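Structure record follows, encoded as structure tokens.
The values are calculated or read from the model by the stated rules, or taken from the named source; none is laboratory data. Bear in mind the structure is a predicted one, so any value in this text is a computation, not a measurement. Cβ atoms come from the backbone with ideal geometry, glycine included; neighbour counts cover every protein chain shown. Each accessible area value is taken on the protein alone, full model and side chains, heavy atoms only, with ligands, DNA and RNA left out. Shrake-Rupley method; radii C 1.70, N 1.55, O 1.52, S 1.80 Å.
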Amino acid sequence: MLTNGTKRLIDTARDILVGKLPDPKSQVEQITIALIYKFMDDMDKQAEELGGKPKFFTGEYGKYAWSKIFDPRVSGHELVGLYGEAIQRMNQNPNIPQLFRNIFKNAYLPYRDPETLKSFLKTIGEFEYDHSEKLGDSFEYLLSVMGSQGDAGQFRTPRHIIDFMVEVVAPCKNETILDPACGTAGFLISSYKHILEKNKKDGRINLTHDQRKRLIANFSGYDISPDMVRLSLANMYLHGFQNPKIYEYDTLTSEEKWQETFDVILANPPFMSPKGGIKPHKRFSVQSKRSEVLFVDYMAEHLNPNGRAGIIVPEGIIFQSGTAYRKLRKMLVEHSLYAVVSLPAGVFNPYSGVKTSVLLLDKNLVKKTDKLLFVKVNNDGYGLGAQRREIKENDLPMVLEIIKKYKQSIVGGKEVDFTVEEAKLATLIEKRKVAESGDYNLGGDRYKDALVYSGKWDFVDLGDVCEIKTGRKDVNQGNPNGEYPFFTCAKEHTFSDEYSFDTEAILVAGNGDVGAVQYYKGKFEAYQRTYVLSDFKGATARYLFFVLESTLKETVSKQKLGNTMPYIKLGMLKNYKIPLPPFEVQKQIVTELDSYQKVVEGARQVVENYKPHIDIDPEWEMVELGKIAEINPKKSQISDLDQELEVSFVPMADINENRMNFVPKTKKKIGEVFKGYTYFSENDVLLAKVTPCFENGKAGIARGLVNEIGFGSSEFYVLRAGKRIRPEWIYYNIILSSFREIGTAKMTGTGGLQRVPKDFVYNWRIPCPKINVQDEVIREINQEQNIVFSNRQLIEIYEQKIKNRIATVWGD
């Protein structure tokens, strides 16, 4: 159990580090290294007290003993040097077990402030080595920091979701267990605790020493990240695993462990694939370059004949139409999948609004049923906002009972009988129905509401199902400090001191952006030519909103009147034909579409609010950009090349705003572009210098160029990284808002084509830490960018789902 005293020590250590290491993962790594360091010293002291000799800090490593580095004669700067040297060398210490050497692999001290280090180590010194579950629980609390604050690299699985999945899969003491993307070993530790709890008798664990030894040997974990391996090793060790089987291993591209199979696999594998995709070997049943496809394939293939698995997957696995996705779903449905649990979109908040599901596999159970169970979790016991506060509503206990009841019915050869409340969350579908379309879609709502979306509804005039009024002509034009929203052309333009409407309404732009649609509920004011739809009869406001938003703007654009000021008349709107299904069907449609809309809004929050940030260490050297990067390299470097040689051509339009990577789309002969265009080569950074492209962040790194040569717009500056700097480091520094804002103020020129001066770019001072520090920061920002890109994809996917659903209502 986690004591308040231990929790206080962990929080204090983090508070000391946060000024130097804002990233929670870096804090956790430094605390982990220091704890293991301190515990090795404690074990040496215990050995001496029992009449033995120290075994860790001996020989040339004796000078690093805890008592030696805290000798009063050691100055602050000497302490920094001694401790920093110790943790870097400790993985070479022949006196410590391989487990500890692995934990210290690639360890280093990322700051050099003596006072910070002294305060930090003093706090660590208050911990005492105690090989008990209490210490393991304390370390889990430390690891939870990465989940609660968000780690830029991966989606930390919330503890209650891990425990739920473990309870469903129910690993047993004699079974082998794997997490092939283990992160901090959360699934493995939860499985271990689950097995211990299931083997208690009279409140005590009923396992012999040999049984415990065999149990511990059954757990394995892989992770590609050495940082995660270090944390997993420490976590497992502090939970009683003397020699945990945690390996730094690339599950998707390595073949070394391909022959190893397991009884139970639990995982939340990475969702993102690097640019260009994964390059796996050819042993996968499903050929793909997408990491989420390959991970699920790997787990399904590496189960023993009666194996079971629980896998968190992104929505792409559920319904993406690509060949690899369809083949994977077909394989799962036919050989191992028995249930899909849909999780709420906010489970991974605050660092991602990504929508996920849990695939439940059981290769033995699936042979005994021709059905699939779909279960929808609406609430998981925590609010779905950024803070994830605990709430009363929690479907997980009922979902657990639903799954248990379903499994028991299969084993017993009986039909499952869900209660009324359970049936609201659970749907049983025959596998043949899932297979009949050929895409093996695993979205439960698709089958539950299949009859809803037939498109065979009567069409009625819009004016028959609602009152349509116009906004006021005489209303004040708006007051920024007013109390009520003020709508012009259906857009919330400003505020008003008064209101004319207090209702649930749909607002339609009668001029300006003709046909634009807005939904609002409450008190508001509207200006003339904004049509207000209210007092709905036989139709829900949200249903009408989705239906009108899908087609109205496009339709009325062909009927609008006026040239300089286009508009539509009230009669056009009243006679607009819409499909009108029964009221209950409308509510079902709205429930589904609103759930999609929440995913879109959550993902859009991530995309719109994300800004890359570099925490500058005051000790980093500040250098003028032009002194560490060549600006506008000369074409003379390539003047002797064959004029028929093909190269990439990159116009300004091909460069993204606030996105590092772009795809060269055009090839031209070098003789066509040598004069009049800007030259660059592979890994050069391109920076737009002209308005408005500069202000909007148009920049990127040239990669994938034909013959590693490119030409492009004359409105680019080209920045070529020198030996002291990475191209990515240049890019992330020139897209910072401070660079753009000051650069914009320095622009020269007339009219609309103002340009940022070359001297400004040359003289702009950026931090220039050592290459290994740049690489670490770049890695973290790249991981953040991957998450943002994932959310962009999520927006596209769910906006398309909304369009597809509405299309079925219209009968398309």
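Answer yes if at least one residue in the stretch 112-120 is assigned to a loop (DSSP other than H, G, I, E, B), out of contact with any Asp or Glu (no Cβ under 7 Å at 6 or more places or on another chain) and closer than 30 Å to N243 by Cβ, and no otherwise.
Scanning the stretch 112-120, I find no residue that is assigned to a loop (DSSP other than H, G, I, E, B), out of contact with any Asp or Glu (no Cβ under 7 Å at 6 or more places or on another chain) and closer than 30 Å to N243 by Cβ, so the answer is no.
Applying the criterion of being of a type in the set (A, V, I, L, M) and at pLDDT 90 or above to the residues of the stretch 84-106, the residue that is farthest from L238 (Cα to Cα) is A86.
Mind checking which residues of the stretch 477-526 are part of a strand (DSSP E or B), touching a residue at least 24 places away in the same chain (Cβ under 8 Å) and over 26 Å from S550 (Cα atoms)? Passing the criteria: Y484, S496. Residues of the stretch 701-730 that are in contact with a helix residue (DSSP H, G or I) (Cβ under 6 Å, 6 or more places away or on another chain) and open to solvent by less than 10 Å² (accessible area, probe 1.4 Å): I701, F711, L719, I725, W729. Checking each residue of the stretch 763-777 against the condition of being farther than 22 Å from Y111 by Cα, aromatic (F, W, Y), open to solvent by less than 60 Å² (accessible area, probe 1.4 Å) and over 25 Å from the mean Cα position of the chain (by Cα) gives at least one match. Screening the stretch 322-364 for residues that are assigned to a helix (DSSP H, G or I) and open to solvent by less than 10 Å² (accessible area, probe 1.4 Å) and picking the one that is farthest from V434 (Cα to Cα) gives L328. Picking from residues in the stretch 731-762 that are among the small types (G, A, S) and more than 24 Å from the chain's Cα centre (by Cα), the one that is least open to solvent (accessible area, probe 1.4 Å) is G743.
A quick yes/no check of all residues on (1) modelled with pLDDT of 90 or more; (2) of a type in the set (S, T, Y); (3) touching an Asp or Glu at 6+ places or on another chain (Cβ under 9 Å); (4) not in a helix (DSSP H, G or I):
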{"site": "V599", "(1), (2), (3), (4)": "yes, no, yes, no"}
{"site": "E608", "(1), (2), (3), (4)": "no, no, no, no"}
{"site": "P612", "(1), (2), (3), (4)": "no, no, yes, yes"}
{"site": "P618", "(1), (2), (3), (4)": "no, no, no, yes"}
{"site": "V623", "(1), (2), (3), (4)": "yes, no, no, yes"}
{"site": "K627", "(1), (2), (3), (4)": "yes, no, no, no"}
{"site": "S636", "(1), (2), (3), (4)": "no, yes, no, no"}
{"site": "Q643", "(1), (2), (3), (4)": "no, no, yes, yes"}
{"site": "F649", "(1), (2), (3), (4)": "yes, no, yes, yes"}
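If you go through the stretch 226-256 and keep only what is open to solvent by 20 Å² or more (accessible area, probe 1.4 Å) and within 15 Å of D297 (Cα to Cα), you end up with D250, T253, S254, E255.
Anything in the stretch 1-21 that is more than 27 Å from the chain's Cα centre (by Cα) and open to solvent by less than 10 Å² (accessible area, probe 1.4 Å)? List them, or say none.
Start the filter on the stretch 1-21 by keeping residues that are more than 27 Å from the chain's Cα centre (by Cα), which leaves 1-9, 12-13, 16.
Of everything in the stretch 1-21, just one residue is more than 27 Å from the chain's Cα centre (by Cα) and open to solvent by less than 10 Å² (accessible area, probe 1.4 Å), namely A13.
Taking the criterion of being of a type outside the set (D, E, K, R), open to solvent by less than 20 Å² (accessible area, probe 1.4 Å) and in a helix (DSSP H, G or I), the residues of the stretch 296-321 that qualify are V296, Y298, M299, A300, G316, I317, I318. The residue pairs whose first member lies in the stretch 317-336 and is of a type in the set (D, E), whose second member is part of a helix (DSSP H, G or I), and whose beta carbons are closer than 9 Å, counting only pairs six or more residues apart or on different chains, are E334/V366; E334/K431; E334/A435.
In summary, I568 fulfils each of the numbered conditions (1) open to solvent by 50 Å² or more (accessible area, probe 1.4 Å); (2) over 35 Å from the mean Cα position of the chain (by Cα); (3) at pLDDT below 90 with the single exception of condition (1). Test E608 against the stated conditions and say whether it is closer than 26 Å to P344 by Cα, without any contact (Cβ under 8 Å) to a residue 60 or more places away in the chain, exposed (fewer than 13 other Cβ atoms within 10 Å of the Cβ) and not β-branched (V, I, T). Taking the combined requirement at face value, the residue satisfies it. Determine if the stretch 53-66 includes at least one residue that is without any contact (Cβ under 8 Å) to a residue 40 or more places away in the chain, crowded, with 16+ Cβ neighbours inside 10 Å and either among the small types (G, A, S) or in contact with a Leu (Cβ under 6 Å, 6 or more places away or on another chain) (or both). Yes, the stretch 53-66 contains at least one residue that is without any contact (Cβ under 8 Å) to a residue 40 or more places away in the chain, crowded, with 16+ Cβ neighbours inside 10 Å and either among the small types (G, A, S) or in contact with a Leu (Cβ under 6 Å, 6 or more places away or on another chain) (or both). Taking first residues from the stretch 22-46 that are open to solvent by less than 10 Å² (accessible area, probe 1.4 Å) and assigned to a helix (DSSP H, G or I) and partners that are of a type in the set (K, R) and at pLDDT 85 or above, the Cβ contacts under 6 Å between residues at least 6 apart in sequence or on separate chains come to Q27/R14. Evaluate the stretch 259-280: report whether one residue or more is closer than 30 Å to I36 by Cβ, open to solvent by 20 Å² or more (accessible area, probe 1.4 Å) and modelled with pLDDT under 90. The answer is yes, given that some residue of the stretch 259-280 is closer than 30 Å to I36 by Cβ, open to solvent by 20 Å² or more (accessible area, probe 1.4 Å) and modelled with pLDDT under 90. Quick check, is G444 at pLDDT below 85 and touching a His at 6+ places or on another chain (Cβ under 8 Å)? No; evaluated as a whole, the condition is false for this residue. The residue that is least open to solvent (accessible area, probe 1.4 Å), among those in the stretch 497-555 that are at pLDDT below 85 and under 13 Å from K469 (Cβ atoms), is Y527. Of the helices (runs of 4 or more DSSP H) lying entirely inside the stretch 731-812, the ones with 2 or more residues being free of Cβ contacts under 8 Å to residues at least 24 places away in the same chain and not hydrophobic (A, V, I, L, M, F, W, C) are found at 737-745, 771-810.
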